[in-house]
Amino acid sequence: MKKIGFLSFGHWSDHPSYLTRTAGDTLLQSIDLAVAAEEIGLDGAYFRVHHFARQLASPFPLLSAIGAKTNKIEIGTGVIDMRYENPLYMVEDAGAADLISGGRLQLGISRGSPEQVIEGWRHFGYEPKAGKNDADMGREKAIEFLNGLSGEGFAQPNPNPMFPNPPGLLRLEPHSEGLRERIWWGAASNATAIWAAENGMNLQSSTLKFDENGKPFHIQQAEQIRLYKEAWKKAGHQREGRVSVSRSIFALMNDQDRYYFGQQGKGADSFGYIEPTQRAVFGKGYAAEPDQLIKELAQDEAIQEADTVLLTIPNTLGVDYNVHVLSSILEYVAPGLGWR
């Protein structure tokens, strides 16, 4: 059994082929899709966060709205770029959204990836400490965020407060018990996957990672996951760490599917640079008739190692088509792989 969710980048543009012409379209359709996904039995609704782009950005209003309109589905991000965040304010936002959803948030965070503008986090008022870089800053903020979620008091109370205080140091409110255990780290390297395990975060591994040995993408990703699991066990955590992988998977059920995605299944892994000095490997997409998809996906080592699969979706094609895409996987592919 595996948990199956969708991952939306939340694109919009005033383009004739898009059903998401505005930011409002994307936000409202994201809510509708999460509601529909819960109804068909999907386990998770996840959203990418990008700044300075016509894509989803500030996640907590959207996550809260979805939490208020659904009952069971996990609601998450993949991922929040911590370079742009105020960790303590984020603790408050996340706590509120988690309470609204009844404890269903699964927040993916990371040190961030290349963005639309140069050093965009500087426009948000942040810069690395002396001798540190932006990646260091992202990880430092992540630790501060995790510490804030613990619920431990750390702030000295005012001796003459406007309202009575409980005894001792004060914590941030609202506090949502258990949210600390539902934080995921988006790792692009083996080293940061190990770091995530040591710090008690679940692991999100996407459709790309840094190329560390030239092997096919799914094999490198499986190696990354195994290193994470070993580090988790060594750290002695009292719960099991979760692992998700993202994939573009499309079952070709009709002519429309073949028109949109028929060529995608003929692709292969590719290698390139997302940072000037860092070579990356990009995983191939899957698109085929269900029986063929089952055969191909059964050979994906990383999927076998993960407990959660996030299906990247073409959100610009609208809610109805994406429900069809997700339903096709649930009904015709997942059972054949033992995911259901």
**Item:** Within segment 177-204, considering residues that are more than 22 Å from A94 (Cα to Cα) and in contact (Cβ under 8 Å) with a residue 40 or more places away in the chain, the one farthest from the chain's Cα centre (by Cα)
**Value:** W195
**Asked** What strands (runs of 3 or more DSSP E) lie completely within segment 1-93 and have 1 or more residues being open to solvent by 10 Å² or more (accessible area, probe 1.4 Å)?
**Response** 3-8, 74-81
**Request:** Please indicate, with yes or no, whether at least one residue in segment 311-318 is over 22 Å from E38 (Cβ atoms) and either basic (K, R) or open to solvent by 20 Å² or more (accessible area, probe 1.4 Å) (or both).
**Result:** no
**Message:** Residues that are buried (at least 16 other Cβ atoms within 10 Å of the Cβ), part of a helix (DSSP H, G or I) and not aromatic (F, W, Y): does segment 231-249 have at least one?
**Reply:** yes
**Request:** Would you confirm whether any residue within segment 167-179 is surrounded by 12 or more Cβ atoms within 10 Å (Cβ to Cβ), part of a strand (DSSP E or B) and out of contact with any helix residue (DSSP H, G or I) (no Cβ under 9 Å at 6 or more places or on another chain)?
**Result:** yes
**Fill in**
Picked from segment 290-305 (must be open to solvent by 40 Å² or more (accessible area, probe 1.4 Å), under 24 Å from A187 (Cβ atoms) and of a type in the set (D, E)), the residue nearest to the chain's Cα centre (by Cα) is E305
**Fill in**
Among the residues of segment 180-195, the number that are open to solvent by less than 30 Å² (accessible area, probe 1.4 Å) and of a type in the set (V, I, T) is 2
**Complete:** Of (1) in a loop (DSSP other than H, G, I, E, B); (2) more than 24 Å from N202 (Cα to Cα), W121 satisfies every one except (1)
**The lone exception for M253 - which of (1) more than 24 Å from the chain's Cα centre (by Cα); (2) of a type outside the set (F, W, Y); (3) outside any loop (DSSP other than H, G, I, E, B) it fails** = (3)
**Request:** Only residues that are touching a strand residue (DSSP E or B) at 6+ places or on another chain (Cβ under 9 Å), assigned to a loop (DSSP other than H, G, I, E, B) and open to solvent by 20 Å² or more (accessible area, probe 1.4 Å): list them for segment 263-289, please.
**Result:** Q263, G267, D269, G283, K284, E289
**Asked** Cβ-Cβ below 6 Å, separation at least six or inter-chain, first residue in segment 117-136 and farther than 23 Å from S189 by Cα, second modelled with pLDDT of 95 or more and part of a helix (DSSP H, G or I): which pairs?
**Response** F124/Y84
**Message:** Looking at the structure I just gave you, is Y260 over 30 Å from V117 (Cβ atoms) and either surrounded by fewer than 20 Cβ atoms within 10 Å (Cβ to Cβ) or modelled with pLDDT under 95 (or both)?
**Reply:** yes
**Message:** Cβ-Cβ distance below 7 Å, separation of 6 or more or different chains: which pairs start in segment 80-99 with a residue that is closer than 14 Å to E140 by Cβ and end on one that is of a type in the set (A, V, I, L, M)?
**Reply:** D81/V49; M82/I109; M82/A142; R83/M137; L88/L172
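The values are calculated or read from the model by the stated rules, or taken from the named source; none is laboratory data. Given the structure is predicted, the values throughout are model-derived calculations rather than measurements. Note: ideal-geometry Cβ built from the backbone for every residue, glycine included; neighbour counts use all protein chains shown. These area figures cover heavy atoms from the full protein model, side chains too; ligands, DNA and RNA do not enter into them. Shrake-Rupley method; radii C 1.70, N 1.55, O 1.52, S 1.80 Å.
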